[in-house]
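Okay, structure first, notes after.
The values are calculated or read from the model by the stated rules, or taken from the named source; none is laboratory data. In this text, all values refer to a predicted model and were calculated from it rather than measured experimentally. Here the Cβ positions follow ideal geometry from the backbone for every residue, glycine too, while neighbour counts run over all protein chains shown.
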Amino acid sequence: MVQVAVVGSGQMGSGIAQVLATNTDKEVFLYDISAAAVSQARDSITASLRKLTDKGKLPKERVDRAMGQLQFVTDLPALQRSVFFIEAIVENAAAKTELFQELDRIAEPQAIFASNTSSIPISTLAKATKRPEKVIGMHFMNPVPLMSLVEVIRSPQTSDDTYNTTCTLAKEMGKETVCSKDVAGFIVNRILMPMINEAFFVLHDGIATAADIDQAMKLGTNQPMGPLALADLVGLDTCLFILEVLYRDLKDPKFRPCPLLQQLVNDGFYGRKSGRGVFHYER
Ligand SMILES: NC(=O)c1ccc[n+]([C@@H]2O[C@H](COP(=O)([O-])OP(=O)(O)OC[C@H]3O[C@@H](n4cnc5c(N)ncnc54)[C@H](O)[C@@H]3O)[C@@H](O)[C@H]2O)c1
């Protein structure tokens, strides 16, 4: 069986591994440096697949087969045979660069490295390897099993072969692809984050309550969830980080993060994952 690796088993990595296992016939190695994260990923994938079976969306046999295709590991050399790596570790340029250097040492020379980064230039990660033409961005949306888009990001060095193989894999996973240049925010976050930021300014300026801002955008613009609830889902820390990158790299004041967003993050209100963001969540 062809082996693929997902590196980082947090909310995005576990979703990516789940979709690879259910929609392709590949052997999927899900790796994390944290044993607790790997164990949590196994639990969350099991629970998510059970829910899909209960709702009649995925036959039980397919779920059993998917679980058989998945390997949960904490040793990097176990990934050696993988032909395609999807990196989804913490959004930190130094950590990702170091990881790409390590992967470059252990992986076969023909293996492709895709990063799920929201903001770090693909060319920076490519430079950390001896295979820059095989490095690409593969930006999944959250939650991965439900969202059909993958933004594929080409750096100036990414080869046509790497691009075509990546789009083929995304399609096998049941996703639609769009192509973006390697510029901060790509397509989705370049447009989405200013809207989320503006929702925080509307709240900050006392124009409306959080519930009314979200209700207005849901009913007034046909969005399935309001911008503030969406920010809580993405993670307020992640939203702030992406806005800071947009503001720094594109040097346009329209990306200046709202002080209220900064305040919430400083106070440890990260959204759903911490039980409290703009809204409260049962944990
Ligand atoms: N959260 C979103 O909505 C979203 C959407 C699209 C893309 N992304 C991107 O996906 C990536 C992961 O985000 P997430 O929300 O899943 O984060 P997360 O915090 O849920 O998971 C990150 C995981 O990386 C692991 N990790 C850290 N350093 C590692 C290393 N050196 N080797 C292996 N594992 C390591 C951590 O233990 C953790 O389990 C980030 O680059 C983020 O920008 C996030």
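Output the residue which, of all residues in the stretch 13-51 that are in a strand (DSSP E or B) and of a type in the set (A, V, I, L, M), is surrounded by the fewest Cβ atoms within 10 Å (Cβ to Cβ). Here the answer is V28. Looking only at the stretch 230-276, residues that are within 15 Å of the ligand (Cβ to nearest atom), among the acidic types (D, E) and free of Cβ contacts under 8 Å to residues at least 24 places away in the same chain come to 1 in all.
Filtered by the rule that a residue be more than 22 Å from the chain's Cα centre (by Cα), assigned by TED's automatic domain parsing to the domain that holds M193 and either part of a loop (DSSP other than H, G, I, E, B) or crowded, with 20+ Cβ neighbours inside 10 Å (or both), the stretch 265-283 gives a lone residue, D267. L146 fulfils the conditions (1) within 24 Å of N189 (Cβ to Cβ); (2) more than 10 Å from the ligand (Cβ to nearest atom); (3) touching a residue at least 24 places away in the same chain (Cβ under 8 Å) except for a single criterion, (3).
How many of the residues making up the stretch 88-100 are more than 8 Å from the ligand (Cβ to nearest atom) and either in contact (Cβ under 8 Å) with a residue 60 or more places away in the chain or exposed (fewer than 13 other Cβ atoms within 10 Å of the Cβ) (or both)? Spell out the reasoning first.
Taking the stretch 88-100 as the starting set, the residues that turn out to be more than 8 Å from the ligand (Cβ to nearest atom) are 93-94, 97, 100.
Next cut, either in contact (Cβ under 8 Å) with a residue 60 or more places away in the chain or exposed (fewer than 13 other Cβ atoms within 10 Å of the Cβ) (or both) only: 94.
Summing the residues that are more than 8 Å from the ligand (Cβ to nearest atom) and either in contact (Cβ under 8 Å) with a residue 60 or more places away in the chain or exposed (fewer than 13 other Cβ atoms within 10 Å of the Cβ) (or both) in the stretch 88-100 gives 1.
Residue-by-condition table, conditions (1) in the same structural domain as E102 (by TED's automatic domain parsing); (2) outside any loop (DSSP other than H, G, I, E, B); (3) of a type outside the set (F, W, Y); (4) over 24 Å from A107 (Cα atoms):
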| site | (1), (2), (3), (4) |
| --- | --- |
| L58 | yes, no, yes, yes |
| M67 | yes, yes, yes, yes |
| F72 | yes, yes, no, no |
| P77 | yes, yes, yes, no |
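Filtered by the rule that a residue be farther than 20 Å from T165 by Cβ and buried (at least 24 other Cβ atoms within 10 Å of the Cβ), the stretch 1-12 gives G8, S9. How many residues does the stretch 101-123 hold that are away from the ligand (no atom under 13 Å from the Cβ) and of a type in the set (S, T, N, Q)? The total comes to 2. F72 fulfils the conditions (1) buried (at least 18 other Cβ atoms within 10 Å of the Cβ); (2) under 26 Å from C167 (Cβ atoms); (3) touching a strand residue (DSSP E or B) at 6+ places or on another chain (Cβ under 8 Å) except for a single criterion, (2). When each of K171, K127 is tested for being surrounded by fewer than 17 Cβ atoms within 10 Å (Cβ to Cβ), more than 21 Å from the chain's Cα centre (by Cα) and among the basic types (K, R), the lone residue that passes is K127. Could you check, for the stretch 5-27, whether at least one of its residues is in the same structural domain as P77 (by TED's automatic domain parsing) and without any contact (Cβ under 8 Å) to a residue 24 or more places away in the chain? So far as the stretch 5-27 goes, no, none of its residues is in the same structural domain as P77 (by TED's automatic domain parsing) and without any contact (Cβ under 8 Å) to a residue 24 or more places away in the chain.
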